[in-house]
Amino acid sequence: MDILTTVPFSFQIVAVLFLGLALGSFANVCIHRLPKNESIVSPRSRCPSCDAQVAAWDNIPVFSYLLLKGKCRQCNASVSILYPMIETLTALLILAAYIKFGISMNFFIFCFIGPSLIAITIIDIKHKIIPDIITLPGIMFGLMAGSYLIGLKDSFIGLLVGGGTFLITSEIYYRIRGNVGMGGGDIKLIAAIGALLGWQKVILIIFLSAFIGSLVGLAGLIGKRLNSLSQIPFGPFLAGGTLIAYFSGERIINLYIIMLT
């Protein structure tokens, strides 16, 4: 008998939320340390203001922030609200994946890629980079997980379609404009995504990312927050497109096929 059938659904939800909060806390560590080429394993978390080591009971995701009223226990400096926001968002995404997929390989795979996409989004917004330490292992993970989800052949084709499309686009842009229009991090990221989800979904992701990016760019121009020379990080749009494709890609593709027939 499946042990989950004996556990009330409300308890399952709470357990999954705690898992998501823990993964969100780890995503925060990656966001803070990876751009500085620091270890994500050691040392233990410290206050960015006074450098005091954060005690374990002060490092409980979200709850410690609320109990300490967003302050460091040692120096009383304010702690960015971004930390609990990332933990909460991660927990909600993990919960959505659990409700969608249940205890399955799709769910366990999402426990890796969900927090990674959040970390990529914040790092790219703040630093305009997507670290190789995420994307290069991500390509290997994409091939392994993709081999299970869609087969090794389709996974490899997805890698080539995703990475190749962005590589060619970047080269054409450079030849025409004389400067780099798409960073290597974006190319490696879409290659990893293509390896995970296959060529059909990676094409969908490219379309969704471009569409969302165009809307954001247009809104920025109208609001005069951006101009024609503004550089907008593309990683967040790729992350958004990937989330949509992971949860609803097959449905969207099927609807598109139906519309064509």
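The values are calculated or read from the model by the stated rules, or taken from the named source; none is laboratory data. Everything quoted here is computed from the prediction, not taken from an experiment. Neighbour counts run over all protein chains shown; Cβ positions are idealised from the backbone, glycine included. We work out accessible area using only protein heavy atoms, side chains counted, and drop any ligands, DNA or RNA first. Shrake-Rupley method; radii C 1.70, N 1.55, O 1.52, S 1.80 Å.
Could you tell me whether any residue of the range 52-72 is acidic (Asp, Glu), free of Cβ contacts under 8 Å to residues at least 60 places away in the same chain and either closer than 20 Å to Phe237 by Cα or in contact with a strand residue (DSSP E or B) (Cβ under 9 Å, 6 or more places away or on another chain) (or both)? Talk me through it step by step, then tell me what you get.
Taking the range 52-72 and keeping what is acidic (Asp, Glu), we get 58.
With free of Cβ contacts under 8 Å to residues at least 60 places away in the same chain added as a condition, the list becomes 58.
Checking which are either closer than 20 Å to Phe237 by Cα or in contact with a strand residue (DSSP E or B) (Cβ under 9 Å, 6 or more places away or on another chain) (or both) leaves us with none.
The answer is no, given that none of the residues of the range 52-72 is acidic (Asp, Glu), free of Cβ contacts under 8 Å to residues at least 60 places away in the same chain and either closer than 20 Å to Phe237 by Cα or in contact with a strand residue (DSSP E or B) (Cβ under 9 Å, 6 or more places away or on another chain) (or both).
Given the structure, is Thr121 of a type in the set (Ser, Thr, Tyr), closer than 24 Å to Val41 by Cα and in contact (Cβ under 8 Å) with a residue 12 or more places away in the chain? Spell out the reasoning first.
Values: of a type in the set (Ser, Thr, Tyr): yes; closer than 24 Å to Val41 by Cα: yes; in contact (Cβ under 8 Å) with a residue 12 or more places away in the chain: yes.
So Thr121 passes the test.
When you scan the range 227-261, how many residues do you find that are of a type in the set (A, V, I, L, M) and in contact with a Leu (Cβ under 9 Å, 6 or more places away or on another chain)? Please lay out each step first, then the result.
First, pick out the residues of the range 227-261 that are of a type in the set (A, V, I, L, M): 229, 232, 238-239, 243-245, 252-253, 255, 257-260.
If we keep only those that are in contact with a Leu (Cβ under 9 Å, 6 or more places away or on another chain) too, we end up with 232, 238-239, 243-245, 252-253.
Adding up the residues that qualify gives 8.
Can you name the residue in the range 10-51 that is without any contact (Cβ under 8 Å) to a residue 60 or more places away in the chain and β-branched (Val, Ile, Thr) and, of all such residues, is most open to solvent (accessible area, probe 1.4 Å)?
Val41
Checking Phe247 against (1) without any contact (Cβ under 8 Å) to a residue 40 or more places away in the chain; (2) touching a helix residue (DSSP H, G or I) at 6+ places or on another chain (Cβ under 9 Å), only one condition comes out false. Which one?
All conditions pass for Phe247, except number (1).
Search the range 52-90 for residues being in contact with a Pro (Cβ under 7 Å, 6 or more places away or on another chain) and part of a helix (DSSP H, G or I), and hand back the single one that is surrounded by the fewest Cβ atoms within 10 Å (Cβ to Cβ).
Looking only at the range 52-90, we keep the residues that are in contact with a Pro (Cβ under 7 Å, 6 or more places away or on another chain), and these are 62, 65, 87, 90.
If we keep only those that are part of a helix (DSSP H, G or I) too, we end up with 65, 87, 90.
On the way: Tyr65: 20, Glu87: 26, Thr90: 28.
Among residues in the range 52-90 that are in contact with a Pro (Cβ under 7 Å, 6 or more places away or on another chain) and part of a helix (DSSP H, G or I), the one surrounded by the fewest Cβ atoms within 10 Å (Cβ to Cβ) is Tyr65.
Based on what the data block shows, is Gly217 of a type outside the set (Val, Ile, Thr), part of a helix (DSSP H, G or I), over 14 Å from the mean Cα position of the chain (by Cα) and within 22 Å of Ile133 (Cα to Cα)? Can you show your working first?
On the way: of a type outside the set (Val, Ile, Thr): yes; part of a helix (DSSP H, G or I): yes; over 14 Å from the mean Cα position of the chain (by Cα): yes; within 22 Å of Ile133 (Cα to Cα): no.
Here the answer is no, as Gly217 does not meet what is asked.
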